[in-house]
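The values are calculated or read from the model by the stated rules, or taken from the named source; none is laboratory data. Model, not experiment: these values are computed from the prediction. Counting neighbours? That spans all protein chains shown, and the Cβs are built from the backbone with ideal geometry, glycine included.
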Amino acid sequence: MEQQQLTTVVQKRRTFAIISHPDAGKTTITEQMLLFGGVIRSAGTVKGKKTGNFATSDWMEIEKKRGISVTSSVMEFDYQGKHVNILDTPGHEDFSEDTYRTLMAVDAAVMVIDSAKGIEAQTKKLFQVVKKRGIPIFTFMNKLDRDGREPLDLIGELEDLLDIEGCPFNWPMGSGKNLQGLYDLRANRIELYHPREASGRFLELDAAGHLPDSEPLTQDSLYRQTLEEIELLETAGNPFDAQKVARGEQTPVFFGSALTNFGVQTFLDEFINLAPAPSAHELASGESLAATDPEFSGFVFKIQANMNPKHRDRIAFIRIASGEFQKGMDVTLQRTQKTLRLNNATEFMSDQREQVQSAVAGDIVGLYDTGNFQIGDTIYTGKKEITYPALPQFTPEIFMRVTAKNVMKQKSFHKGMQQLVQEGAVQLYRNYQTNDYILGAVGQLQFEVFKFRMQNEYNTEVVMETIGSRIARWIDPEQLDPKMSSSRSLLVKDLADQPLFLFENQFTERWFENKYPDVKLTAKL
Ligand code: G4P
């Protein structure tokens with residue numbers, strides 16, 4: 001591809017993830033977007049768990065059994081001249097480190113909040129990861145068709161709980177049964193919840209932001225209340241600041257109802273315009289590499305095994321960070337300096353996989369892998385070595401002690417363990433004193449997947465004994481005294497032999513901190 005053409009197509013990419021707490025409406029809004037993108041024709045296509053529609057994808061067996069999606073898949077569509085990539089972030093019980101890692105491969109995030117519930121636990125966790133990256137975050141306050149919290153309250157919560165400024169782009173006129181519409185501050189119009197035959201979906205406002213006196217809605221007390229709130233926003237609210245949005249310090253806020261498809265298109269239109277195209281990526285050296293650099297480079301953010309159980313294959317998900325990917329190209333795997341020919345690449349849609357011929361910075365490709373790749377690996381073309389920084393590790397929250405059921409199977413047990421840990425399926429720790437294996441994960445399902453795969457791929461039955469939910473905190477080895485360990489503050493070491501404590505709860509952690517005031521404890525992301 002010519003340089004100019006590469007620049008043009010990269011500029012069209014919009015790659016993002018939706019972060020939310022389960023049931024806030026992520027699937028519903030994703031579906032609406034796919035409908036606008038012309039990828040699906042009816043709602044209920046994505047949500048396999050309720051329609052039983054997931055049979056078309058040959059995801060892992062465990063996934064089918066449970067009717068949930070273990071994998072973060074990628075959905076692509078073209079919309080208003082842009083090429084959109086939505087990376088799915090599994091929630092519910094399938095919340096895992098993959099959910100976090102996916103956030104390392106996007107250029108923006110959309111945060112969906114249930115307007116009746118406000119900011120919930122999982123949203124908060126995912127938000128912290130995105131915030132740390134300093135990428136733009138857009139907020140959709142969902143379920144406006146139900147009675148929810150006061151909009152001002154919801155905006156206030158963004159600042160109080162997430163420490164991010166909220167800048168409303170539209171404002172609800174009523175909610176639940178009284179929902180009349182959205183006052184659109186950007187387009188200076190009102191979007192009606194019940195469009196009228198005569199005037200259609202939108203009522204234009206005058207330069208002062210008012211409806212003409214002849215409009216019956218002006219008699220509605222909700223309209224007058226909305227005008228008062230808008231006035232308040234204009235004097236006391238956060239003015240839109242594109243720089244702050246770009247750094248993730250301010251979030252444009254949209255209200256709407258995904259289920260009734262109200263406000264979704266307005267949101268999508270604004271989002272597509274404001275969300276960034278792929279930009280330069282920072283390298284491990286501290287330099288940065290432009291997305292439009294002619295050399296291809298990318299990094300592995302996820303490895304998915306056994307998508308097709310018949311073939312025992314693994315797929316490495318690559319975020320293209322620069323240049324263009326072409327089928328059959330030769331690349332260097334930075335870690336080993338080996339040359340690999342990329343013949344078999346796959347583009348993702350949640351229920352279909354197509355062979356990809358070419359893709360550019362911002363896109364995600366899946367490469368069939370026979371064990372070459374590890375999470376965080378960089379691949380590139382050209383003579384100049386390119387290395388992307390290691391992906392962050394996320395602090396696991398639940399732990400299990402694990403052993404092989406059959407002692408004769410130690411060899412395959414160790415092999416399976418080593419490979420699955422390398423793949424990032426779970427994190428491995430050893431008891432500091434006894435060297436027992438302890439697995440850590442951020443979601444329960446990671447253990448189930450681990451157990452299932454040990455059995456299916458390595459023919460090893462494992463015994464898992466729960467340690468439960470723990471707070472993991474690393475300690476400087478210099479400050480460590482093994483006597484500090486107890487069953488309530490279990491001392492273990494990670495793969496790099498770094499010591500850490502697994503505290504039973506916050507109380508034990510505080511107790512420890514009081515007892516050893518000079519000891520510094522740190523969490524990962
Ligand atoms: P998730 O992916 O974030 O977990 O949420 P999902 O879209 O599955 O939505 C969770 C529930 O909330 C679903 O109802 C969905 O229909 C509903 N929902 C989503 N958006 C809205 C909205 O704007 N208004 C209202 N009133 N409900 C909304 P469910 O009963 O769990 O499932 P279903 O049987 O209706 O599919």
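Go through (1) touching a residue at least 60 places away in the same chain (Cβ under 8 Å); (2) in a strand (DSSP E or B); (3) under 25 Å from the mean Cα position of the chain (by Cα) one by one and return the number of the condition Q446 breaks.
The single condition Q446 does not satisfy is (2).
Any idea which of A207, A246 is out of contact with any Gly (no Cβ under 8 Å at 6 or more places or on another chain) and free of Cβ contacts under 8 Å to residues at least 60 places away in the same chain? Before you say what the answer is, go through the steps one by one.
Values: A246 fails: free of Cβ contacts under 8 Å to residues at least 60 places away in the same chain.
Only one candidate qualifies: A207.
Which condition number does T89 fail, the rest of (1) within 15 Å of the ligand (Cβ to nearest atom); (2) assigned to a helix (DSSP H, G or I); (3) within 11 Å of the chain's Cα centre (by Cα) being met?
(2)
Quickly run through the stretch 179-194 and pick out the residues that are without any contact (Cβ under 8 Å) to a residue 60 or more places away in the chain and over 14 Å from F262 (Cα atoms). Walk me through it before giving the result.
So in the stretch 179-194, the residues without any contact (Cβ under 8 Å) to a residue 60 or more places away in the chain come out as 180-181, 183, 185, 188-190, 192, 194.
Of everything in the stretch 179-194, those that are without any contact (Cβ under 8 Å) to a residue 60 or more places away in the chain and over 14 Å from F262 (Cα atoms) turn out to be L185, N188, R189.
Go through the stretch 280-301 and report how many residues are touching a Ser or Thr at 6+ places or on another chain (Cβ under 7 Å), among the charged types (D, E, K, R) and closer than 20 Å to I135 by Cα.
1
Could you grab me the full set of residues in the stretch 19-37 that are within 8 Å of the ligand (Cβ to nearest atom) and among the hydrophobic types (A, V, I, L, M, F, W, C)?
Correct list: A24, I29.
For the stretch 499-525, which residues satisfy the criterion of being of a type in the set (A, V, I, L, M, F, W, C) and free of Cβ contacts under 8 Å to residues at least 24 places away in the same chain?
The answer is F507, W511.
Find all pairs meeting these conditions: Cβ atoms under 6 angstrom apart; at least six residues apart or on different chains; first residue within the stretch 391-406 and within 11 Å of V442 (Cα to Cα); second residue buried (at least 17 other Cβ atoms within 10 Å of the Cβ) and not aliphatic (A, V, I, L, M).
So the pair list comes out as F394/E97; F394/Y100; P396/Q427; P396/G440; F399/G440; F399/R470.
Pairs needed: first member in the stretch 216-230, farther than 14 Å from L182 by Cβ; second member anywhere, charged (D, E, K, R); C-beta distance under 9 Å; at least 6 residues apart or different chains.
Listed pairs, sorted by first residue: T218/R224.
Table: residues versus (1) surrounded by fewer than 16 Cβ atoms within 10 Å (Cβ to Cβ); (2) at pLDDT 90 or above; (3) outside the structural domain of S96 (by TED's automatic domain parsing).
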| residue | (1), (2), (3) |
| --- | --- |
| N406 | yes, no, yes |
| Q410 | yes, no, yes |
| L420 | no, no, yes |
| A425 | no, no, yes |
| Y432 | no, yes, yes |
| V449 | no, no, yes |
| I467 | no, yes, yes |
| I471 | no, yes, yes |
